[in-house]
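Computed from the coordinates by the stated procedures, all read-outs in this text should not be read as laboratory data. Everything numeric here is computed off the predicted structure, so don't read it as measured data. Virtual Cβ from ideal backbone geometry, glycine too; neighbours counted across all protein chains shown.
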Amino acid sequence: MKKIYLIILVSVFSMEIFSQQDPQFAHNKDNLLFSNPAFAGMADGICASAISRQQWVGFEGAPVTTLAGVHSKIKLFGVNGGIGISMMDDRFEFEKNFQAKLAYSYHRRIGLGTVGFGIEAGMINKDLEGSWEPPETNDDPFITDQAVQKIIFDLGAGIYYKVGERFYASFSVSHIPQLPVKYPNVESASFLRRHYFGTAGYSFRLLNSPIELQPSVFVKFDGTKLQYSGNISALYNKKIRLGVSYRNREAIIPMITLNLLGGLKVGYAYELALTRLITVSKGSHEIFVGYCFDFFGPNNDYKYKSILYL
């Protein structure tokens, strides 16, 4: 029964099954490199991280996404910039996607802050298992009796601006070419839909207390569906961050982040659906871990300053 629900969800939420939106995350403000190459090198040191997301727990074949990467400042021919690499494995019922991309960002001081202009290039391997059976018919043109795959070249670009640790704003575009996805021996074809991302956040201290409030917003649009979320977090003594997000008409997401000894940072988010999914799913879970190696401090003492996720 749950598998039937999943098939219905796929049909309802996707205009075309192979044009499904990029995976969504709860920790959007900590996951900026994935959506914007201009963020590469904007954090202190060399930052590495990984995120694991299990969506709609309780459904067989529900989305499972793993994301990992690293980024750093870099200076080429006297020009300040940043470089980053990320890899993602996304599995959803009969479809498996693997993505790897390299990002470069050119940095320049403007006003009180720093702006980055970024580009990224990579590849996406889309693998269609075709091992499931529809309830009554095999006439669906997307169903095959063998695994098929397609490798696609991809491009993206973006701009990112920050003022210290207080404010940031970002806009980016992914899948710029919108290349077609045509599997061997499959009659129908789709294309990799272009995505637009926008985000902004601000941090301010409450009077003279050790608490900082950190509101942020995140918007994603693929040409057919607009998705947005708002987050409010409170950071206590630079060690513990508690927050909650609201994704438009979809979910409430409480989360916690811990800055541990030695600069290690771990976090967890639980996503509670606001749709009928709440009656058949146990929610979605997201775990992340990250670490920054500060090789750029005055004495190369590797002191931890901040971590941002890829």
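Numbers for the structure displayed
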item	result
Near-label residues of the stretch 198-226 by backbone N, under 16 Å of a point 7 Å along Cα→Cβ of residue 274	216-220, 226
Cross-link pairs beyond the 21 Å C-alpha cut-off, checked among 96/150; 162/225; 75/162	162/225
Exposure proxy ranking, count of Cβ atoms within 10 Å, fewest first, for 205, 109	109, 205
Extension gain from residue 213 to residue 50, taking 0.36 nm per residue of separation minus the Cα-Cα distance	56.2 nm
Calculated FRET value between residue 246 and residue 176, using beta carbons and R₀ = 41 Å, to 0.05	0.85
Pairwise label distance in nanometres, residue 149 with residue 224, each label 7 Å out on the Cα-Cβ vector	2.6 nm
Pair-distance profile P(r), taking every C-alpha pair of the stretch 199-286, with 10 angstrom steps and integer %	16, 39, 32, 12, 1
Spin-label pair residue 239/residue 100, simplified geometry with 7 Å Cα→Cβ offset, distance in nm	4.1 nm
